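Undergrad: Once you've had a glance at the structure underneath, I'll fire off some questions.
The values are calculated or read from the model by the stated rules, or taken from the named source; none is laboratory data. In this text the structure is predicted, and so the values were computed from the model without any measurement. Neighbour counts are summed over all protein chains in view; Cβ atoms, including those assigned to glycine, are modelled from backbone coordinates with ideal geometry.
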Amino acid sequence: MKIYEFTQAPNPRRVRIFLAEKGITVPLEQINLAAADNRKPEFLKINPMGGLPVLELDDGIHIAESVAICRYFEETHPKPPLMGIDAKDKAVVEMWQRRMEFEILMMTAGAFRNMSDFFKGRIPQVKEYGEVCRNAALKRLEWLDTVLADREFIAGPRYTIADITAMVGIDFGRTTGIKILENQKNLARWHQAVSNRPSAKA
């Protein structure tokens with residue numbers, strides 16, 4: 001078993017944090033996104049979509065997509081639960097996880113893809129759309145600050161994958177000037193708490 005990843009990318013970081021919270025160690029193999037190694041034929045045989053991370057199981061099966069990889073480890077190592085504990089809780093965690101993914105992580109990533117020199121000449125970039133994504137992310141941070149006014153973590157009283165996705169999205173947003181504002185006290189309190197967890201350094 002091993003995981004193909006790239007340490008500087010946000011989605012592989014989500015999986016590393018998830019594994020760290022579980023106390024699981026899996027060998028990591030670096031695929032250099034800056035060198036477009038993920039677009040080379042040998043890697044496209046592993047994941048035709050070219051994305052990272054990818055979990056390679058001992059039987060040769062490959063599982064791509066961050067949440068799918070996390071789901072595998074949630075099922076094989078259920079303690080501590082990071083994706084819910086019963087039917088209702090799992091649905092609530094999934095709801096918040098998807099919100100954090102679509103409204104924050106995807107928006108910060110969209111801003112980066114369309115505004116950063118990292119992708120210049122490599123993919124089509126629309127700077128105006130990057131600004132749309134950036135502004136959407138900033139609006140969602142305002143909203144998330146209000147959500148966290150009455151709870152410790154995003155999906156409720158326990159740390160979950162929703163917190164991982166939100167933290168990674170917010171941290172990645174710094175590349176395009178997306179950040180927690182001084183008046184967003186609830187969001188800042190939460191971000192400091194989750195960033196201080198040992199897993200955040202994974």
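Undergrad: What tally of residues in region 182-196 results from selecting those that are more than 20 Å from the chain's Cα centre (by Cα) and not acidic (Asp, Glu)?
TA: Let us first name the residues in region 182-196 that are more than 20 Å from the chain's Cα centre (by Cα), namely 182-186.
With not acidic (Asp, Glu) added as a condition, the list becomes 183-186.
Number of matching residues: 4.
Undergrad: Identify, from the list GLY156, GLY50, GLY60, GLY121, the residue that is in contact with a Lys or Arg (Cβ under 6 Å, 6 or more places away or on another chain) and either among the aromatic types (Phe, Trp, Tyr) or on the phi > 0 side of the Ramachandran plot (or both). Walk me through how you get there before you give the answer.
TA: Details: GLY156 fails: in contact with a Lys or Arg (Cβ under 6 Å, 6 or more places away or on another chain); GLY60 fails: in contact with a Lys or Arg (Cβ under 6 Å, 6 or more places away or on another chain); GLY121 fails: in contact with a Lys or Arg (Cβ under 6 Å, 6 or more places away or on another chain).
The conditions single out GLY50.
Undergrad: Something else now. Of all residues in region 99-136, count the ones that are assigned to a helix (DSSP H, G or I) and farther than 30 Å from ILE85 by Cβ.
TA: 19
Residues are listed down the side, and each one gets a yes or a no for (1) within 19 Å of the chain's Cα centre (by Cα); (2) in the same structural domain as TRP96 (by TED's automatic domain parsing); (3) more than 21 Å from ALA200 (Cα to Cα); (4) surrounded by fewer than 16 Cβ atoms within 10 Å (Cβ to Cβ):
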position: MET115; (1), (2), (3), (4): no, yes, yes, no
position: GLU128; (1), (2), (3), (4): no, yes, yes, yes
position: CYS133; (1), (2), (3), (4): yes, yes, yes, no
position: ALA136; (1), (2), (3), (4): yes, yes, yes, no
position: GLU142; (1), (2), (3), (4): no, yes, yes, yes
position: ARG151; (1), (2), (3), (4): no, yes, no, yes
position: ALA162; (1), (2), (3), (4): yes, yes, no, no
position: GLY177; (1), (2), (3), (4): yes, yes, no, yes
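Undergrad: Across region 154-190, what is the number of residues that are of a type outside the set (Gly, Ala, Ser), under 15 Å from PRO10 (Cβ atoms) and part of a helix (DSSP H, G or I)?
TA: 12
Undergrad: Moving to a separate point now. Identify, from the list GLU42, GLU74, the residue that is surrounded by 13 or more Cβ atoms within 10 Å (Cβ to Cβ) and not aliphatic (A, V, I, L, M). Talk me through it step by step, then tell me what you get.
TA: On the way: GLU42 fails: surrounded by 13 or more Cβ atoms within 10 Å (Cβ to Cβ).
Result: GLU74 is the single residue among GLU42, GLU74 that is surrounded by 13 or more Cβ atoms within 10 Å (Cβ to Cβ) and not aliphatic (A, V, I, L, M).
Undergrad: Also: Residue under question is ASN114, and the condition is that it be farther than 26 Å from ASN38 by Cβ and not hydrophobic (A, V, I, L, M, F, W, C); does it hold? Reasoning before the result, please.
TA: Numbers: farther than 26 Å from ASN38 by Cβ: no; not hydrophobic (A, V, I, L, M, F, W, C): yes.
So ASN114 does not fit the description; no.
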